Amino acid sequence: MTSNLIPDDLLRERLVALTRDLILIPSDATRPREIDRGLAFLKNHLEALPHIQIQDFKCKGDRGVLALPEDCQHPQVLLCGHLDVITHSAVSDYGSHIHEGKIVGPGAGDMKGQLAIMFEVFRSFNSQHPEASLGLAITTDEERGGEHGTRYLFEDLGMRCEAALIPDGGGLNEVIIEEKGMVHLKLTSKGHASHAARPWLGINPLEALLGQVQSIQDAFHQGSDDKDHWHPTCTVTIIESSNRSPNRIPAIAKAFLDIRFPRPLTVANVLDSIKERLQANTDFKVIIADEPSHLSPDPLFIQSTEKITGRPVRLIKSHGGSDARFICRYDIPTMVSSPFVGELHSTEEWIDIESMVTFYRVYEDYLQTKLL
Ligand SMILES: [Zn+2]
C-alpha cells in the first residue's frame with residue numbers, strides 16, 4: 001500500500017460521523033423533501049472534487065445523482081448506492097447511538113453506513129487519482145423496487161460500466177453470486193353471492209381461491225427438503241373480500257402471492273404453471289416480475305477481499321433480489337457484499353464499525369488493482 005492512505009483512526013472517525021449525519025435525515029418515500037435534502041448534502045461534498053461532474057436525474061418523481069469523471073459517461077467501475085430508507089412514523093426515530101462497536105439507528109445497515117464508505121472511498125480515490133475511471137450513482141427508490149433508480153440508469157439512460165459495486169447484501173467475506181427471481185401476483189376469483197345457510201345457491205369465491213392457492217403451493221414446493229431452501233417458494237401474503245357478514249358468501253375474493261424461484265426457472269415457466277392451476281372464473285394480474293440473476297463477481301474483487309480480511313470468500317446465494325439484477329442482465333460483473341449489519345428495517349438497525357473500516361480497505365484495494 002502507498003503511504004498516502006488515510007490512517008485507520010481518522011478513517012473510522014470520518015465514516016462514523018458521515019453515517020450518523022446521514023441517519024439524521026429521514027430520507028424515506030413519505031418524505032420527499034428529506035430525500036432532496038440528503039441528495040443536496042451529498043452533492044455539497046462532491047462539488048469539492050475538481051474533476052468530477054455531477055448530474056441529477058429523475059424518473060417519475062424519483063430523483064438520483066450521478067458523479068462521473070469529466071468527459072466520461074461509462075466509467076470502468078461504478079459504485080451504486082441508495083439513499084432511501086424504510087419508513088418509520090416518528091421523525092424522532094431517525095437518530096443514532098454507538099453501542100458495543102456498532103452504529104445503531106434507522107438505515108445504519110441499509111445502507112447509510114455503506115453509503116458513507118462509498119462516498120469516502122470515491123472522494124479519496126478521486127483526489128489522489130483524478131484520471132481514474134470511477135463513478136458513483138446514488139438512487140432513492142431501492143426500497144420500493146429500484147425501477148426509477150438503477151433500472152432507469154441502465155435501461156433508459158444506457159449507463160454501462162466494466163464492474164459495479166453494490167454494498168447492499170452478502171457479508172464481509174460473503175459475496176452473492178445468485179439471486180432468486182420474483183413474481184408478485186394478484187388472483188381475483190369471481191363467484192356468486194348468496195346466504196351462507198343455502199350455499200348451494202351460490203358459488204363461493206373464497207373457497208375456490210383457497211383450493212387454487214393450495215394447488216399452486218404444492219406445485220412450487222418441490223425440493224423443499226433442501227436445507228438451504230434453494231427451491232421455489234410461494235407465500236400467500238393477503239387474502240381479502242369486501243364481505244363483512246359471517247353469514248354471507250361474497251361475490252368476489254382476492255389473494256396476493258409472493259413467489260420466489262431460482263434458475264433455471266424463468267418468469268414464463270412460473271406463470272405457465274400458475275395458469276394451468278387456475279379455474280376459468282379466476283383472473284390473475286402480475287404486479288412485479290423479475291428473472292433470477294447470476295452476478296458473476298470480478299475475480300479481482302474476490303482476491304482483494306481475501307487479501308484484506310485474511311479469510312476465504314464464500315460465494316453465496318440470496319433468497320431476495322437487489323438492484324444488482326438491473327445491472328448483471330447486461331453481463332456486467334456486479335459485486336454484492338457488505339460490512340456486518342443487522343436488525344435491518346427496524347429502528348435498532350446496526351452496522352459494525354470495525355467491519356466498515358475493513359470493508360473500505362477492500363474497496364480501496366480493489367480499485368487500486370482494477371484502475372491504476
Ligand atoms: Zn438496501
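The values are calculated or read from the model by the stated rules, or taken from the named source; none is laboratory data. Because the structure is a prediction, the values reported are computed rather than measured. Every residue, glycine as well, gets a Cβ built from its backbone with ideal geometry; the counts of neighbours run over all protein chains shown.
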The correct count of residues that are more than 14 Å from residue 106 (Cα to Cα) and acidic (Asp, Glu) in the range 20-57 is 4
Scanning the range 340-356 for residues that are of a type in the set (D, E, K, R) and surrounded by fewer than 16 Cβ atoms within 10 Å (Cβ to Cβ), the one nearest to the ligand (Cβ to nearest atom) turns out to be 343
- Verdict on residue 208 being part of a loop (DSSP other than H, G, I, E, B), assigned by TED's automatic domain parsing to the domain that holds residue 241 and either surrounded by 18 or more Cβ atoms within 10 Å (Cβ to Cβ) or in contact (Cβ under 8 Å) with a residue 12 or more places away in the chain (or both): no
Exactly one of 283, 272 is outside the structural domain of residue 367 (by TED's automatic domain parsing) and assigned to a strand (DSSP E or B), and that residue is 283
When the range 62-82 is checked residue by residue, the ones that are touching a Phe, Trp or Tyr at 6+ places or on another chain (Cβ under 9 Å), more than 20 Å from residue 370 (Cβ to Cβ) and within 16 Å of the ligand (Cβ to nearest atom) are 62, 64
Flagged in the range 172-197 as among the β-branched types (Val, Ile, Thr) and within 30 Å of residue 333 (Cα to Cα), in numbering order, are 175, 176, 177, 183
Those residues of the range 127-147 that are within 15 Å of the ligand (Cβ to nearest atom) and within 16 Å of residue 56 (Cα to Cα) come to a total of 5
*Report whether or not residue 100 is away from the ligand (no atom under 16 Å from the Cβ), among the acidic types (Asp, Glu) and modelled with pLDDT of 95 or more.*
yes
Here is a check on your reading of the model: is residue 78 out of contact with any Ser or Thr (no Cβ under 7 Å at 6 or more places or on another chain), surrounded by 24 or more Cβ atoms within 10 Å (Cβ to Cβ) and modelled with pLDDT of 95 or more? yes
* Asked: Can residue 129 be described as surrounded by fewer than 22 Cβ atoms within 10 Å (Cβ to Cβ) and either over 15 Å from the mean Cα position of the chain (by Cα) or at pLDDT 95 or above (or both)?
  -> yes
Looking across the range 148-174 at residues that are more than 15 Å from the ligand (Cβ to nearest atom) and assigned to a loop (DSSP other than H, G, I, E, B), the single one that is surrounded by the fewest Cβ atoms within 10 Å (Cβ to Cβ) is 158
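Here's the yes/no breakdown for (1) of a type outside the set (Gly, Ala, Ser); (2) in a strand (DSSP E or B); (3) within 16 Å of the ligand (Cβ to nearest atom):
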site: 287; (1), (2), (3): yes, yes, no
site: 311; (1), (2), (3): yes, no, no
site: 320; (1), (2), (3): no, no, yes
site: 323; (1), (2), (3): yes, no, yes
site: 327; (1), (2), (3): yes, no, yes
site: 338; (1), (2), (3): no, no, yes
Note on residue 120: of the conditions (1) within 22 Å of residue 46 (Cα to Cα); (2) in contact with a Leu (Cβ under 8 Å, 6 or more places away or on another chain); (3) within 16 Å of the ligand (Cβ to nearest atom), unmet is (3)
Residue set 273, 296; condition more than 16 Å from the ligand (Cβ to nearest atom), at positive phi and surrounded by fewer than 22 Cβ atoms within 10 Å (Cβ to Cβ); output residue 296
query = Could we say that residue 359 is within 16 Å of the ligand (Cβ to nearest atom), touching a Gly at 6+ places or on another chain (Cβ under 7 Å) and not small (Gly, Ala, Ser) here?
reply = no
Residues of the range 252-268 being outside any strand (DSSP E or B) and either aliphatic (A, V, I, L, M) or at pLDDT 95 or above (or both), in sequence order, are 265, 266, 267, 268
Within the range 340-359, the residues that are under 18 Å from the mean Cα position of the chain (by Cα) and in a loop (DSSP other than H, G, I, E, B) are 340, 343, 344, 345, 346, 349
